[in-house]
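Notes follow once the structure below has been shown.
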Amino acid sequence: MNSRFLLLMVVVFLAGAGLVLWLRPAAPPPPAARAPPPATTEVAPAPAAAPAEGPRATAPRQFLILAASWQPAFCETAPGKPECRTLGAERHDASHFALHGLWPRDDYCDVAATHRAADEAGRWSALPPVELTAALRTALDQAMPGTRSQLERHEWIKHGTCFGTDAETYYAASVALLDTLNRSAVRDLFAARIGREISAEQVRDAFDDAFGAGAGDSVKLACAEDGARRIVTEITLGLYGEVDATPDLRSLLRAANPTSPGCRRGIVDPVGAQ
């Protein structure tokens with residue numbers, strides 16, 4: 001095979017290959033880079049936001065005073081009060097302690113100026129009603145005869161607003177503490193001494209017997225002069241600890257600081273003007 005023939009064959013081969021490449025469709029350009037698909041609405045939920053902090057179910061650890069009135073004696077000093085005009089021997093508070101209040105150290109916490117002014121002026125009926133469940137309202141009306149004079153509005157505005165809970169827990173705790181006191185030997189002592197004198201020492205001893213040694217050290221008597229008589233109008237109990245709707249009076253009393261006994265002795269007043 002001569003060189004001319006070989007050259008011809010190479011030319012033919014190259015021409016055929018070029019024709020094939022020319023007739024073959026061009027490869028499509030590479031696809032453009034696509035943007036990532038939009039996020040769907042089915043995304044993982046975000047952590048739930050913490051709910052707004054509501055009223056506490058337990059009051060913070062604090063010093064408190066439970067004030068328990070002897071209602072017949074109180075009514076000697078305020079006979080015109082609605083709760084005093086209807087006081088008779090058959091009523092619960094004729095022979096049991098009545099709730100005056102449960103007092104933190106501070107008062108009027110975050111209270112509107114108009115409400116404070118009304119309270120300090122003694123216009124308790126102008127204060128906002130205290131919203132309570134029906135069951136607690138019934139219990140409070142018995143424990144606190146002063147609700148007939150809107151005492152519960154005054155006590156909540158002045159003292160309850162500093163307790164650290166809502167009104168329901170505040171009054172549930174107050175009623176529970178008073179109920180424990182009224183089911184104790186302390187109340188039995190007062191009932192047995194109606195019409196006769198009682199001493200601070202006797203009262204403190206009764207607290208020690210009922211609630212443990214040292215419980216009486218934080219108890220104080222308050223008295224008033226009624227003509228020639230000195231009558232016991234109230235006892236106050238110093239308390240310390242955390243308080244919820246079912247408080248432990250024993251532990252709260254024994255954790256409190258000792259106090260002076262106050263009035264040394266006085267008469268446990270019977271119902272009616274003496």
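For this structure, a couple of remarks:
- Relative counts (whole %) of C-alpha pair distances in the stretch 91-131, using bins that are 10 Å wide: 22, 41, 28, 10
- Residues whose placed amide H lies under 5 Å from that of Arg265, excluding near-sequence neighbours: Ala200
- Values of log10 I(q)/I(0), in the order q = 0.11, 0.14, 0.18, 0.25 Å⁻¹, for the stretch 56-152 under a Debye, Cα-only, solvent-free model: -0.39, -0.64, -1.04, -1.42
- D_trans [Stokes-Einstein, Kirkwood Rh over alpha-carbon pairs] for the stretch 171-274, 20 °C, 1.002 mPa s, µm² s⁻¹: 152
- Rel. contact order, % - alpha carbon contacts under 8 angstrom, at least six apart, the stretch 133-200: 30
- Per residue, the average separation of C-alpha pairs within less than 8 Å and at least 6 apart gives the stretch 108-221 a relative contact order of 22 percent.
- In terms of its alpha-carbon gyration tensor, the stretch 145-204 comes out prolate; a/c meets the 1.5 threshold, and the first ratio a/b outweighs b/c.
- Working note: Karplus 6.51/-1.76/1.60 with θ = phi - 60° gives the stretch 64-71 the couplings 9, 10, 9, 9, 10, 8, 9, 4 Hz, where Gly and Pro are set to x.
- Contact order, relative form, for the stretch 67-154: 33 percent (alpha carbon pairs under 8 Å, 6 or more residues apart, mean separation divided by residue count).
Just so you know, all these numbers are worked out from the coordinates, no wet-lab data involved. Keep in mind the model is a prediction, meaning the values are calculated, not measured.
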